[in-house]
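Chemist: Below is a structure I'd like to ask you about.
Nothing in this text is a laboratory measurement; each read-out follows from the coordinates by a stated rule. Predicted model only: the values in this text are computed from it and were never measured. Glycine also receives a Cβ, built like all others from the backbone with ideal geometry; neighbour counts cover every protein chain displayed.
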Protein chains: 2
Amino acid sequence: MMLKGFILCVGDELLTGQTLDANSPWLAQELSAQGVTVVGMAVAPDQKDALIDAIRHAAAGADVLIITGGLGPTEDDLTRPAIADLLAVPLVEDATSLRDIEAFFSSLGRRMSDANRVQAALPRGARAIRNTCGTAPGIRARYRDTTIFALPGVPHEMRVMFAQTVIPEIAGAGGACCYATRTLYTHGIGESDLGERIRDLMARGRNPAVGTTAKQGVIGIRIYARGASGEEAQALLDRDARELRGRLGNLIFGADDERLAAAVAGLLREKRRTIATAESCTGGWAAKQLSDIPGSSAYFLSGIVCYSNEAKVNLLGVPREIIERHGAVSAEVAESMALRCRALAASDYALSITGIAGPDGGTPDKPVGLVYIALADAAGCDVSRHLFGEFRTRDEIRERSCTTALNRLRLKLLA
Amino acid sequence: MMLKGFILCVGDELLTGQTLDANSPWLAQELSAQGVTVVGMAVAPDQKDALIDAIRHAAAGADVLIITGGLGPTEDDLTRPAIADLLAVPLVEDATSLRDIEAFFSSLGRRMSDANRVQAALPRGARAIRNTCGTAPGIRARYRDTTIFALPGVPHEMRVMFAQTVIPEIAGAGGACCYATRTLYTHGIGESDLGERIRDLMARGRNPAVGTTAKQGVIGIRIYARGASGEEAQALLDRDARELRGRLGNLIFGADDERLAAAVAGLLREKRRTIATAESCTGGWAAKQLSDIPGSSAYFLSGIVCYSNEAKVNLLGVPREIIERHGAVSAEVAESMALRCRALAASDYALSITGIAGPDGGTPDKPVGLVYIALADAAGCDVSRHLFGEFRTRDEIRERSCTTALNRLRLKLLA
């Protein structure tokens with residue numbers, strides 16, 4: 001039998017549009033991947049009667065109801081009392097949960113405040129879902145024919161608890177129709193050009209469904225395959241993924257959660273090469289991305305953020321006359337930054353970025369969005385010039401600069 | 001009388017998590033700004049009975065129901081027949097809408113296909129909402145005490161039609177009620193401790209409504225004020241904001257879109273002070289945040305990412321024997337990093353961060369999450385030790401490290 005699921009989010013901040021709900025789409029993907037048909041999603045306010053009504057309505061059509069949010073320690077956290085009222089049972093303190101919360105605080109060297117004690121309360125007969133990443137335990141309860149899982153709204157806690165508790169209970173229960181999904185990420189091609197190269201795969205009604213989304217120069221290609229079994233869906237998905245990799249080659253840098261920096265990190269490790277960075281307009285963002293990856297000390301040696309001209313001269317050793325003759329945003333300075341950075345760090349590669357991120361500082365000759373990126377290695381140094389567009393925001397220009405720089409390193413490592 | 005609103009989105013692609021619903025948050029903001037209290041949001045599938053049930057439930061608590069999606073020309077566009085069935089009336093072709101759709105296609109030099117003809121059908125007694133940007137007209141209908149506005153799911157079309165049709169009908173109808181909202185951001189206090197200090201302001205049913213949300217050590221306090229006029233709402237909001245600032249003082253670093261780095265930047269500019277950074281485990285993230293702010297060259301001089309011990313010694317000049325005696329993650333190394341960084345950059349302040357971001361590299365003595373932060377100025381150097389928790393992700397530990405470091409600089413600038 002195919003399970004039906006419902007996702008209910010709790011929080012006034014969602015109903016005023018102040019906060020975006022990232023939990024529901026994630027849960028929808030996870031439930032779908034398990035073969036659960038999500039029949040509805042809803043958002044309920046921090047108001048007990050309305051919340052009880054929302055839970056009752058959500059449960060009516062669903063075998064599994066996932067609730068997120070409303071489990072915090074404050075007055076406006078009402079998921080616990082709402083479930084208790086719906087089940088017509090009192091809230092009782094759960095000794096294990098209380099110990100967990102106390103232990104959580106002592107692991108941080110703090111004492112649990114009285115306010116947190118309420119988080120250990122559970123509707124009588126319900127089961128606590130252990131939270132190993134925060135204070136709020138979740139709740140597993142049965143209401144008529146529905147299993148309710150109430151989880152915290154903090155995405156990281158919610159995801160871990162979902163994986164540990166909900167997945168084992170629903171896995172395989174989905175029955176007849178299964179899904180498999182993957183997103184391949186590309187850099188170096190526009191969305192419409194990409195669309196023309198894979199038009200046949202994107203045809204409406206085709207299985208797998210293939211679609212694209214663009215974000216700051218990175219185009220994602222989503223594959224969504226349906227099958228009578230998980231294996232069948234997976235096989236269809238794998239066939240399309242192979243076809244896309246065959247057509248697009250090195251334009252594809254990763255899949256699903258794999259960021260560009262992770263792809264670069266994988267290649268640096270595999271080839272036992274090291275990298276150092278020298279950044280002006282990106283201000284450390286490229287270094288941040290390289291060090292996002294666990295174990296980055298194996299390949300990432302150092303970064304210099306030489307935001308001022310003084311720093312370019314004093315920290316990095318760029319000759320002052322090059323800056324004076326060509327300006328800080330120039331191919332010559334980018335090259336010198338990369339070469340000096342490589343020499344100082346004694347790394348295999350060095351990346352440098354200098355440009356005008358805006359919103360001010362542009363001139364007709366050197367507009368906002370002009371960025372030079374240099375990549376130095378034992379053989380020398382290549383500089384590329386980019387115009388990311390005056391209409392873009394500072395964040396966008398900085399993000400595209402980092403992506404372009406990391407992708408140049410990736411292609412060099414693949415060459 | 002205060003109007004209650006409900007937002008219902010139609011589409012299977014939302015229930016599988018393939019597509020993010022950007023319409024609902026936008027509508028929530030617009031309705032709130034008009035004084036409409038959004039009492040719920042929901043997503044319904046492309047399945048007629050479920051959709052009818054969702055519309056009925058949504059309408060039950062609302063004066064105004066906004067439906068988006070399901071108005072296209074294909075088989076799975078079911079908003080039209082669902083509303084007709086709910087109202088127990090037939091669908092009838094609307095001559096004006098048909099002419100509009102034909103005119104839309106001829107303006108593109110194309111002929112209307114038969115499939116589009118169905119888009120001119122309306123539940124009998126309902127009114128068409130003209131679509132000047134696409135083919136699908138909207139529907140305005142009354143169901144019991146609820147006014148239903150069904151609009152296309154295409155964001156651009158939906159927004160224009162909402163502004164042209166819904167706004168004039170609800171503007172001021174909230175009557176008597178307008179809203180003003182602000183979020184104050186704090187760092188340096190836990191959510192439950194904060195909740196205890198402002199418990200009276202967070203009391204249920206109070207106006208303004210005050211609630212808290214936590215994200216990586218930053219607690220937001222949302223104030224949501226209602227008044228008979230915009231001025232009254234604003235005055236109530238200002239009174240609460242003053243009260244909160246009085247009670248919480250320097251714990252509050254900013255409001256609404258103001259990030260911590262922007263607050264720090266404002267203080268550095270105001271006091272004409274400069275900063276440089278030396279980062280190990282955060283890998284450039286603090287520098288990135290300081291340079292996020294336009295015009296940061298006025299105060300941010302340079303950053304050094306000394307990820308390896310070699311870089312700490314060679315780039316920064318940390319004495320090798322300090323690293324060997326105390327380890328790279330130690331108060332002594334943090335202090336030396338900050339002092340050397342300040343000397344090299346000739347800045348007023350220097351911040352250093354060294355720690356174990358994980359997931360690997362922890363020991364019983366120095367667990368994952370142990371971070372030292374040093375702040376040097378002309379008077380000397382202060383080091384603080386933090387345990388951000390072994391259970392946290394690498395990203396979380398790095399983000400909390402940067403936030404804590406920037407907040408130390410903020411408090412120093414305020415002292």
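Chemist: Please name which of B:190, B:54, B:298 has its Cα lying farthest along the dipole of chain B towards the positive end, using unit charges on Cβ (Lys, Arg +1; Asp, Glu -1) and the Cα centre as origin.
Modeler: B:298
Chemist: Using a label point 7 Å beyond Cα on the Cα-Cβ vector, give me the inter-copy distances for residue A:168 in nanometres, one decimal, shortest first.
Modeler: In ascending order, 6.0 nm.
Chemist: Moving on. Report the one residue of A:244, A:143, B:92 whose Cα lies farthest in the direction of the positive end of the charge dipole of the protein assembly as shown (charges on C-beta: Lys and Arg +1, Asp and Glu -1; origin at the Cα centre).
Modeler: Looking along the dipole axis, the top candidate is A:244.
Chemist: Could you check the simple spin-label distance between residue A:228 and residue B:232, using points 7 Å along Cα→Cβ, in nm with one decimal?
Modeler: So the label points at residue A:228 and residue B:232 sit 6.6 nm apart.
Chemist: In straight Cα distance, which lysines are under 22 Å from residue B:4, not counting same-chain residues fewer than 8 positions off?
Modeler: A:48
Chemist: With an 8 Å Cα cut-off and a minimum separation of 6 or more residues, compute the relative contact order for chain A in percent.
Modeler: This gives 11 percent for chain A.
Chemist: State the Cα centre-to-centre distance between the range A:129-188 and the range A:231-261 in whole Å.
Modeler: Each part reduced to its Cα centre gives a spacing of 25 Å.
Chemist: Need one value for B:213-219: mean number of C-beta atoms belonging to other chains within 10 Å of its residues' C-beta atoms.
Modeler: Mean number of neighbouring Cβ atoms from other chains: 3.
Chemist: Further, regarding this structure: May I ask you to sort B:46, A:76 by Cβ crowding, counting other Cβ atoms within 10 Å and putting the fewest first?
Modeler: Going from sparsest to densest Cβ surroundings: B:46, A:76.
Chemist: Hey, another quick one. Check each of the GluC sites (Glu not before Pro) in the range B:10-75 and keep only those in coil by DSSP with at most 10 other C-beta atoms within 10 angstrom; list them in order.
Modeler: Counting only loop positions with at most 10 other Cβ atoms within 10 Å, the GluC sites (Glu not before Pro) in the range B:10-75 are B:75.
Chemist: May I ask you to derive the relative contact order of the range A:4-170, considering only C-alpha pairs under 8 Å and at least 6 residues apart, and to give it as an integer percent?
Modeler: 23
Chemist: Beta carbons within 10 angstrom, averaged per residue: use that to sort the peptides B:107-119, B:280-292, highest first.
Modeler: In decreasing order of mean packing, B:107-119, B:280-292 become B:280-292, B:107-119.
Chemist: Could you give the size of the charge dipole of chain A about its Cα centre, using +1 on the Cβ of each K and R and -1 on the Cβ of each D and E, expressed in debye and rounded to the nearest 20?
Modeler: The dipole magnitude comes to about 1040 debye.
Chemist: Cα to Cα, under 26 Å, and not fewer than 8 places away if on the same chain: which lysines meet these conditions relative to residue A:312?
Modeler: Here the lysines satisfying the reach criterion relative to residue A:312 are A:288, A:366, A:412, B:271, B:288, B:312.
Chemist: Separate question: Hey, if you put +1 on the Cβ of every Lys and Arg and -1 on every Asp and Glu Cβ in the protein assembly as shown, which of A:104, A:3, B:404 ends up farthest toward the positive end of that dipole?
Modeler: Of the listed residues, the answer is B:404.
Chemist: Could you work out how far the C-alpha centroid of the range B:326-376 sits from that of the range A:57-89, in angstrom?
Modeler: Taking the Cα centre of each part, the range B:326-376 and the range A:57-89 sit 44 Å apart.
Chemist: Given the DSSP H assignment, sum -39500 (n - 2.57) over each helix run of at least 4 residues in chain B and divide by its residue total; what's the result at 222 nm in deg cm²/dmol, nearest 500?
Modeler: Helix-only estimate at 222 nm: -11000 deg cm²/dmol.
Chemist: Based on the mean of other Cβ atoms within 10 Å per residue, sort peptides B:223-234, A:120-131, B:196-207 so the most packed one is first.
Modeler: Values: B:223-234: 17.6, A:120-131: 19.8, B:196-207: 13.5.
The densest-packed peptide leads the list: A:120-131, B:223-234, B:196-207.
Chemist: Sticking with this one: Nm distances between the label at residue B:270 and the same-position labels in the remaining copies, 7 Å along Cα→Cβ, shortest first?
Modeler: For residue B:270, the inter-copy label distances come out at 5.2 nm.
Chemist: I would also like to ask the following. Place a +1 charge on the Cβ of each Lys and Arg in the range A:260-414 and a -1 charge on the Cβ of each Asp and Glu, then give the dipole magnitude about the Cα centre in debye, rounded to the nearest 20.
Modeler: 440
Chemist: Please give the net charge around residue B:198, taking every other residue with its beta carbon less than 12 angstrom from that of residue B:198, where Lys and Arg add +1 and Asp and Glu add -1.
Modeler: Neighbourhood net charge equals -2.
Chemist: Separate question: Which one of B:377, B:49, B:360 has the biggest mean-square fluctuation once chain B is modelled by GNM with Cα springs under 10 Å?
Modeler: Taking springs between Cα atoms under 10 Å, the residue moving most is B:360.
Chemist: Based on the mean of other Cβ atoms within 10 Å per residue, sort peptides A:263-275, B:391-403 so the most packed one is first.
Modeler: Most protected by this proxy first, the peptides run B:391-403, A:263-275.
Chemist: Say a label goes 7 Å from Cα toward Cβ at residue B:189 in every copy; what distances in nm does this one have to the rest, shortest first?
Modeler: Once sorted, the set of distances for residue B:189 reads 5.4 nm.
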